[in-house]
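Below you'll find the structure, written out as structure tokens, and then a few comments.
The values are calculated or read from the model by the stated rules, or taken from the named source; none is laboratory data. Bear in mind the structure is a predicted one, so any value in this text is a computation, not a measurement. Heads up, the Cβs are rebuilt from the backbone with ideal geometry, glycines too, and the neighbour counts pull from every protein chain shown.
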Amino acid sequence: MAERLRLDAVELEGFMKLLDGSVTSLKGLRSALAGATVGGLGTDELDKACEDFQEDWKYGAEQIGEQAEDLSKIIEQSKDAFLEVEDALVKALHKAGKTNDDIVEVPK
């Protein structure tokens, strides 16, 4: 069971950076959408459809961006908590007389 309790902190850091980059991209998308005009593309129906599409994507991009930010924070908190528990466990095992050979540490 212990082999399933592993954490690759470097991989998680990379994932959080990827999420942060996605949030930045989505903010750029929202800025571009905010500055784009849809009038005069063609018929009134086409202009209205483009305006509706723009509003839907603006809302969706905002929601995805917020959720990605939240997910990144949750992952960081989980990683920190896991590493804290792991550190406490290693200290407790050392205190109980276990040697380093008895303890398998998770790479940080």
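Of the residues making up region 69-88, those that are out of contact with any helix residue (DSSP H, G or I) (no Cβ under 7 Å at 6 or more places or on another chain), touching a residue at least 12 places away in the same chain (Cβ under 8 Å) and not acidic (D, E) number 1.
Here G39 fulfils each of the conditions (1) at pLDDT 80 or above; (2) exposed (fewer than 11 other Cβ atoms within 10 Å of the Cβ) apart from (1).
Does E62 fit the bill of being within 23 Å of the chain's Cα centre (by Cα) and surrounded by 11 or more Cβ atoms within 10 Å (Cβ to Cβ)?
Values: within 23 Å of the chain's Cα centre (by Cα): yes; surrounded by 11 or more Cβ atoms within 10 Å (Cβ to Cβ): yes.
When the stated conditions are applied, E62 passes them.
Taking the stated definitions as given, is E66 in a helix (DSSP H, G or I), under 20 Å from F15 (Cβ atoms), in contact with a helix residue (DSSP H, G or I) (Cβ under 9 Å, 6 or more places away or on another chain) and modelled with pLDDT of 85 or more? When the stated conditions are applied, E66 passes them. Taking the listed residues E51, E13, E55, E45, the one that is in a helix (DSSP H, G or I), of a type in the set (D, E) and closer than 30 Å to S78 by Cα is E13, with no other qualifying.
Hey, does region 73-82 have a residue that's of a type in the set (A, V, I, L, M), in contact with an Asp or Glu (Cβ under 7 Å, 6 or more places away or on another chain) and at pLDDT 85 or above? Quick ask: steps written out before the conclusion?
Step one: list which residues in region 73-82 are of a type in the set (A, V, I, L, M), which gives 74-75, 81.
Applying the additional criterion that residues be in contact with an Asp or Glu (Cβ under 7 Å, 6 or more places away or on another chain) yields none.
Checking region 73-82: not a single residue is of a type in the set (A, V, I, L, M), in contact with an Asp or Glu (Cβ under 7 Å, 6 or more places away or on another chain) and at pLDDT 85 or above.
On the stretch given as region 69-97, residues that are over 24 Å from G14 (Cβ atoms), loosely packed, with under 11 Cβ neighbours inside 10 Å and not aliphatic (A, V, I, L, M) total 3.
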